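K.L.:
Quick one: structure below, then a few questions.
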Amino acid sequence: RPPFDPYDPLGLDDLLTPEDLAVRDTVRDWAADRVLPQIADWYERGELPVIRELARELGSIGALGMPLTGYGCAGASAVQYGLACLELEAADSGVRSLVSVQGSLAMYAIHRYGSAAQKERWLPSMAAGEVIGCFGLTEPDHGSDPAAMRTHAKRAGSDWVLSGRKMWITNGSVAGVAVVWAQTDDGVRGFLVPADTPGFSAPEIRHKWSLRASVTSELVLDGVRLPADAVLPEATGLGGPLSCLNHARYGIVWGAMGAARSCFESALEYAKSREQFGRPIAGFQLTQAKLADMAVELHKGILLAHHLGQRMDAGRLRPEQVSFGKLNNVREAIEICRTARTILGANGISLEYPVMRHATNLESVLTYEGTVEMHQLVLGKALTGLDAFRG
Ligand code: TGC
Ligand code: FAD
């Protein structure tokens, strides 16, 4: 029998191919070198000062638009993309967010719904991390219910004129191009808005106590005039943006387990070295119960993520299954991080350790890409056949 590995108790690495392991190691090494040494400082300052450098480096290791094909994208499998998300979020949810929004939301929208000219114009520089993208769906008054969005686009001759506001938009202030979803006479359409277009601005949202090492912005669209070819030709209706969300949510299913793994490992190491009552706290039954429960949920979550990845690679993943994964894995990751916090005692609240940073980040992850309640209701609808959203 192989030896028991406390960091892989179910032997899940056996599910991975040599190529999967190589992708995982590349991203893990990059994050260890470029993110971990500085993340506590960035977090404390509430900024990601080297975001453009990081984007280029992530482009050079193939992490942007990773499962997409052509245009300089890596053409990786869904499992490999998931492993990359896990490693990035083990460093910080903010870095995984940068990659999710760039690849699974902005680039995916252009790749799936864009014209040949739009793809040629934007995707190669986005895959290289030279141009950062953002994805504007949420508005100040419309988050869970994007169908009620107010941002609208009207025809002016052959041009379009966009007006409205988007809120809580990751990468907004550093984006070279914004994918903006707006109401039109033909339903919801997506528009590619270059950041230097007159009438467009993206002020940064400050004073966040979560995802502090991530750029979050408002998008202001004040009579933004765009040419006819700025609209994504293949997306009509809310299904367009919601289909992009499936891909980003899938990445979060893996990513959340990265934050959880980092907290579990911190707690395990701490428990083995910290002594109280003359013995390591890892020797107390109550601590062992916490560690055992954390390990069970962590590795069940990774197994679930791997299963969904295989379904995605086989073209058989349903949106309800993505909801299942996001609901479970983010909820369990938060529990793991909070439990780790208790094992570290007072040190658990310090930025010297990653657990409080991960726990507060996960509060955003629990809300964005569909809140817990949205995913419960998506599953509830699939289970019962009854739509609780609109009665
Ligand atoms: P409903 O009537 O159910 O659907 C409208 C149309 O959309 C289709 N559809 C989907 N298509 C693909 N994938 C999905 N997951 C889909 N869900 C629905 C549906 O078939 C229908 O198509 P058609 O052709 O029949 O018209 O829509 P609804 O208005 O009742 O809403 C359903 C609900 C509540 C589930 C949806 O609005 C929702 O998911 N709300 C949550 C909004 C959300 O997740 N926003 C995220 C914004 S982006 C973000 O947070 C990025 S953070 C990233 C980071 O920093 O990492
Ligand atoms: P609301 O929709 O107002 O919900 C408030 C509460 O009411 C929630 O608990 C919700 O579950 C509950 N609720 C609502 N409706 C129901 C119902 N029918 N039944 C039961 N409960 C209900 N958006 C983007 O478009 N692009 C981005 O890049 C992006 N990045 C983000 C980054 C961060 C850091 C954060 C925090 C958010 C980001 N978002 C982004 C926005 C995010 O998607 C929304 O916050 C999310 O969809 C929830 O919307 P809301 O905040 O308006 O909450």
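Read the figures in this text as sums done on the coordinates, not as results from a lab. These numbers come from a predicted model, not from an experiment. Positions of Cβ are generated from backbone atoms using ideal geometry, with glycine treated the same way; all protein chains shown enter the neighbour counts.
K.L.:
Test of understanding: what is the full-extension gain from ARG390 to GLU363, defined as 0.36 nm times their sequence separation minus their Cα-Cα distance? Numbers along the way, then the final one.
P.N.:
Values: separation 27, 0.36 × 27 = 9.72 nm, distance 2.64 nm.
That works out to 7.1 nm of additional length.
K.L.:
So how far apart, in nm, are the two label points at ILE61 and PHE277 if each is 7 Å from Cα heading toward Cβ?
P.N.:
4.2 nm
K.L.:
Note down the nm distance, to one decimal, between modelled labels 7 Å out along Cα→Cβ at ARG112 and at ASP196.
P.N.:
Each label point is offset 7 Å from its Cα along the Cβ direction, giving 3.1 nm.
K.L.:
Which residues among the stretch 213-256 fall inside the zone where the amide N is under 20 Å from a point 7 Å beyond the Cα of ARG155, along Cα→Cβ?
P.N.:
223-238
K.L.:
Please give the contour-minus-distance gain from GLN288 to LEU15: 0.36 nm per residue of separation, less the Cα-Cα distance, rounded to one decimal in nm. Don't skip to the answer; put the middle values down first.
P.N.:
Details: separation 273, 0.36 × 273 = 98.28 nm, distance 2.73 nm.
So the chain would gain 95.6 nm between GLN288 and LEU15.
K.L.:
Oh, and also: Using a 10 Å cut-off around each Cβ, can you sort VAL193, VAL95, VAL220 from fewest to most neighbouring Cβ atoms?
P.N.:
Starting with the residue having the fewest Cβ neighbours, the order is VAL220, VAL193, VAL95.
K.L.:
Right, another one. Run down the lysines and flag those whose C-alpha is under 27 Å from the C-alpha of LYS154, throwing out any fewer than 8 positions away in its chain.
P.N.:
LYS119, LYS166
K.L.:
Neighbour counts of other C-beta atoms within 10 Å: give me VAL161, VAL330, VAL215 arranged from fewest to most. Walk me through the numbers on the way to the answer.
P.N.:
Values: VAL161 16, VAL330 31, VAL215 24.
Result, fewest neighbours first: VAL161, VAL215, VAL330.
K.L.:
Picking from LEU137, LEU232, LEU21, which is most flexible by a Gaussian network model of the chain using Cα springs under 10 Å?
P.N.:
LEU21
K.L.:
Give the lysines reachable from LYS381 as a straight Cα distance under 25 Å; neighbours fewer than 8 places away on the same chain don't count.
P.N.:
The reachable lysines, counting only those whose Cα sits under 25 Å from LYS381, are LYS300, LYS326.
K.L.:
A follow-up question, please. So what's the convex hull volume per residue for the Cα atoms of the chain, in Å³? It would help to have the intermediate numbers written out before the result.
P.N.:
Details: hull volume 56.9 nm³, N = 391.
So the per-residue hull volume is 145 Å³.
K.L.:
How do the peptides 60-67, 372-379, 123-130 rank, highest first, by the average count of neighbouring beta carbon atoms within 10 Å per residue? If you can, show how the numbers build up before the last one.
P.N.:
Details: 60-67: 23.4, 372-379: 16.9, 123-130: 20.6.
Most protected by this proxy first, the peptides run 60-67, 123-130, 372-379.
K.L.:
When TRP42, TRP181 are ordered from fewest to most other Cβ atoms inside 10 Å of their Cβ, what list results? Numbers along the way, then the final one.
P.N.:
Values: TRP42 20, TRP181 27.
Placing the least packed residue first, the sequence is TRP42, TRP181.
K.L.:
Give the shape of the stretch 116-249 as rounded, prolate or oblate, defined through the alpha-carbon gyration tensor: a ≥ b ≥ c are the square roots of its eigenvalues, a/c under 1.5 means rounded, and otherwise the shape is prolate if a/b is larger than b/c and oblate if not. Show your work: numbers first, answer last.
P.N.:
Numbers: a/c = 1.39, a/b = 1.20, b/c = 1.16.
Taking the square roots of the gyration eigenvalues as a ≥ b ≥ c, the stretch 116-249 is rounded.
K.L.:
Among all helices in the chain defined by DSSP H, which have a length of 27 Å or more along the axis from Cα atoms plus a Kyte-Doolittle mean of at least -1.0?
P.N.:
Values: long enough: 239-273 (51 Å, 0.11); 285-313 (42 Å, -0.07); 319-343 (36 Å, -0.32).
Membrane-span-like by this criterion, though nothing is claimed about a membrane: 239-273, 285-313, 319-343.
K.L.:
Looking at the chain as a GNM with Cα springs under 10 Å, which of MET356, MET107, MET257 has the largest mean-square fluctuation?
P.N.:
MET356
K.L.:
Here is a follow-up. Counting DSSP beta bridges in the stretch 41-199, what percent are antiparallel, to the nearest 5? Could the numbers behind the result be given before it?
P.N.:
Numbers: 14 of 19 bridges.
For the stretch 41-199, the DSSP antiparallel bridge percentage is about 75.
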